[in-house]
There are 2 protein chains.
Amino acid sequence: MQITQKGRQTWLFDGPVGIIGQAATCGPREGEGPLAADFDHIFPDLRMGEVSFEKAEQRMEEYAARRAIAKASLTPDEIDIMFAGDLINQITPSGFTARNLAIPYFGLFNACATAMEGLALAALCVASGVARKVLVAASSHTCTAERQFRYPNEYGSQKPPYSQSTATAAGAAVVAAIPAPVEIKAITVGRVRDEHITDPFAMGAAMAPAFADTVQIHLQERGVSPDYYDLILSGDLGHVGQDIARELFQLQGITIADEKLGDCGLMLYGASTKVFSGGSGCGCAASVGFGHIYRLISEGEIKRVLLCATGALLSPVSSEQKESIPAISHAVALERGE
Amino acid sequence: MQITQKGRQTWLFDGPVGIIGQAATCGPREGEGPLAADFDHIFPDLRMGEVSFEKAEQRMEEYAARRAIAKASLTPDEIDIMFAGDLINQITPSGFTARNLAIPYFGLFNACATAMEGLALAALCVASGVARKVLVAASSHTCTAERQFRYPNEYGSQKPPYSQSTATAAGAAVVAAIPAPVEIKAITVGRVRDEHITDPFAMGAAMAPAFADTVQIHLQERGVSPDYYDLILSGDLGHVGQDIARELFQLQGITIADEKLGDCGLMLYGASTKVFSGGSGCGCAASVGFGHIYRLISEGEIKRVLLCATGALLSPVSSEQKESIPAISHAVALERGE
């Protein structure tokens, strides 16, 4: 297969790189949202039968991974590499999942952009021939992330309306260099953008410039207009970040029709106001991308989606040390296979 | 260039994948060790002119990255991708370095195996043609890691003699698909091994099985004997882990001459007893590999090294929740270019 670098940041695959299995799982609140039918499994409570939320998140990620492998009619020992990541310190849910599945493992961290980082590298592995089947997985859990980054949900502390709520969700996909209903056609590797926002609740605002930057570079380097895509999706900008992104596109002179722009963190919850400005977390883009978007493309409802997961590369310590919030967004073009 | 998958976990490059620039930096204690002459810069104190240890680690990683790029006679805008990781929660030193260098960025976490995870993926990117020049960087700092994973060094808490001490060091390399004095010839992607060790001080013991596993698979899949290599190096097993690895090789029926086996965490400090069983941390394999080992090969003192960085995939939370310590090791074959 020919793999081509266009410009600096974009990769094109001129052969089939197919998603041959995929799965999405989520927690109870996400299961009440408008995408409920696109989840393989909805866990009815946040503990998921485990003694800690961290173990629950690991269980959810492993469930998605095993389900994606099974839907590809494979067993874990037929997967050559697993790329995975999450938000928990030292990404332990991903490491423990890799241990339990016994698949050679590359751990990733690009915050909530991790699922598309993994999908990009998985596509490269199968397209270049170093692996036959590659698994990608990512997860987040509201109770592990909120506690680690802000306050335990049980405290009931107040959050500003522009803040976001971490999604309890996981997504996984198996990629191979064979034709499939949904194929990966192009990648744009994001660069870090930092507009010197220091409020750790303002993640949508911090991430919007990275999303706008990656979309602009992708369109330019791939040489397509926004009309080429049926949907251009951010990972988890929420209402606030999406509004900023719209303004940035205007400033860049890029016209994207309103109905073409979407955000996984908004789609996951619909009009629910319980999630403030919207959902966030690695599980957002992973579960919406590998669940809902996969179905829309595979059933022919839409043909081409540019899925741009977005990540805020802060930590509680970096915020306390008065650092600003760097952000990144990686784009993957998911298209209907021939 | 032909890239071949051998078996499940091994990649072979049949064209040149060269290290065209590299650098290593360290803190004061490492600068007193036997490898002092192989560091590009030795920071005389642990603060490195910064107001926090986290900022100091970031500065050290960025110094190594900029120096490697400069030694490749390049500027940051000529680097297409940066792979980087460290031990700090949310790998902020790597994210901030990617921000400051403005290079498209993939963040990684495989604990102390991260440098070789990055080198493997960097080699794949340039060999497959999706990038022309790729930067790899990894760092660790004794004050950030000891505080985060165990206790702040200032507490002076007692550690058992089989524990290790996190190295203050960073390493970086620039990779391109062109001939160079040191080339990457083969990769073996590690799988997670877990021998159910739960003592978070016993990292050498936890990681030794992953190292032995990866070496065995590499030799088998590449089809070479241990004699093919001048050195087979673990990242940071320390005395205790290295002794266990020797026993495991015996059980596997693999004979490796004593003088061929080494450990970056031991080489970094020589006979110093201040580091307990040995050094550890992402900066260990990164700085020894991209500093000392690079020099030995490029000057023709040795020709072939199998560098197997080793990582313990635990977190303080996973240990407190009584989880065992999964471990991983990725192998990169560094060889004298023709």
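Taken together, the values in this text are just the output of simple stated rules run on the coordinates, not laboratory data. Model, not experiment: these values are computed from the prediction. So basically every Cβ, Gly included, is an ideal-geometry build from the backbone, and we count neighbours across all protein chains shown.
At a 10 Å Cβ-Cβ cut-off, how would you order B:128, A:157, fewest neighbours first?
A:157, B:128
Ranking B:43, B:276, B:109, A:211 by Cβ neighbours within 10 Å, fewest first, what do you get?
The fewest-first ordering by Cβ neighbours comes to B:276, B:43, B:109, A:211.
If you average 1/r over all unlike Cα pairs in segment B:183-336 and invert the result, what Kirkwood radius do you get in angstrom?
In segment B:183-336 this quantity evaluates to 15.4 Å.
When Cβ neighbours within 10 Å are restricted to other protein chains, what is their mean count per residue of peptide B:273-281?
0
Hey, can you rank A:163-172, B:223-232 by average C-beta count inside 10 Å, highest first?
A:163-172, B:223-232
Give the lysines whose C-alpha is closer than 16 Å to that of residue B:303, dropping any in the same chain fewer than 8 places away, or say none.
B:185, B:260
Answer rounded, prolate or oblate for segment A:162-220, using the Cα gyration tensor with square roots of eigenvalues a ≥ b ≥ c: rounded when a/c is under 1.5, else prolate when a/b is larger than b/c, else oblate.
Verdict is oblate for segment A:162-220.
Please report, in cubic angstrom per residue, the volume enclosed by the convex hull of the alpha-carbon atoms of segment B:142-188.
So the per-residue Cα hull volume is 151 Å³.
For segment A:245-299, which trypsin sites (Lys or Arg not before Pro) pass both filters: DSSP loop (anything but H, G, I, E, B) and at most 14 other C-beta atoms within 10 Å?
A:274
If packing is taken as the average number of other Cβ atoms within 10 Å across a peptide's residues, how do A:80-91, A:191-202 rank, most packed first?
Highest to lowest by the protection proxy: A:80-91, A:191-202.
Just to be sure I understand the rule: take each whole DSSP H helix in chain B, project its Cα atoms onto its long axis, keep it if the span is 24 Å or more and its mean Kyte-Doolittle hydropathy is at least -0.5. Which ones pass?
Within chain B the helices that satisfy the rule are B:203-222.
Could you pull out every one of the lysines with an alpha carbon less than 21 Å from that of residue B:159, ignoring same-chain neighbours closer than 8 positions?
B:274, B:322
Counting helices only, and only those DSSP H runs with n ≥ 4, report the 222 nm mean residue ellipticity of the protein assembly as shown as the sum of -39,500 (n - 2.57) divided by its residues, in deg cm²/dmol to the nearest 500.
-9500 deg cm²/dmol
With viscosity set to 1.306 mPa s at 10 °C, what whole-number translational diffusion coefficient in µm²/s follows for chain A from Stokes-Einstein and a Kirkwood radius over Cα pairs?
The Stokes-Einstein estimate is 83 µm²/s.
Mind telling me which of B:46, B:251, B:12 comes out most flexible in a GNM of chain B, alpha-carbon contacts under 10 Å?
Answer for the Gaussian network model of chain B: B:251.
Be a star and scan segment B:1-22 for residues whose amide nitrogen sits under 17 Å from the point 7 Å along the Cα-to-Cβ vector of residue B:338.
Answer for this model: B:1-4, B:12-19.
Once you have the Kirkwood Rh of segment B:61-145 from its Cα pairs, apply Stokes-Einstein at 20 °C and 1.002 mPa s and quote D in µm²/s.
Translational diffusion coefficient: 168 µm²/s.
Would you please state which residues of segment A:1-43 a label at residue A:78 would reach in this model, taking the label point 7 Å out along Cα→Cβ and a backbone N cut-off of under 12 Å?
A:20-21
If I model a spin label at residue B:199 and residue B:225 as a point 7 Å from the Cα along the Cα→Cβ vector, what separation in nanometres do I get?
My value for the distance between the label points is 3.7 nm.
Just how far, in whole angstrom, is segment A:50-125 from segment A:175-214 if you go by their alpha carbon centroids?
19
State, as an integer percentage, the relative contact order of chain B based on alpha-carbon contacts under 8 Å between residues 6 or more apart.
That works out to 25 percent.
So what's Rg/Rh here for the protein assembly as shown, counting alpha carbon atoms and using the Kirkwood radius for Rh?
When Rh is taken as the Kirkwood radius, the ratio is 0.94.
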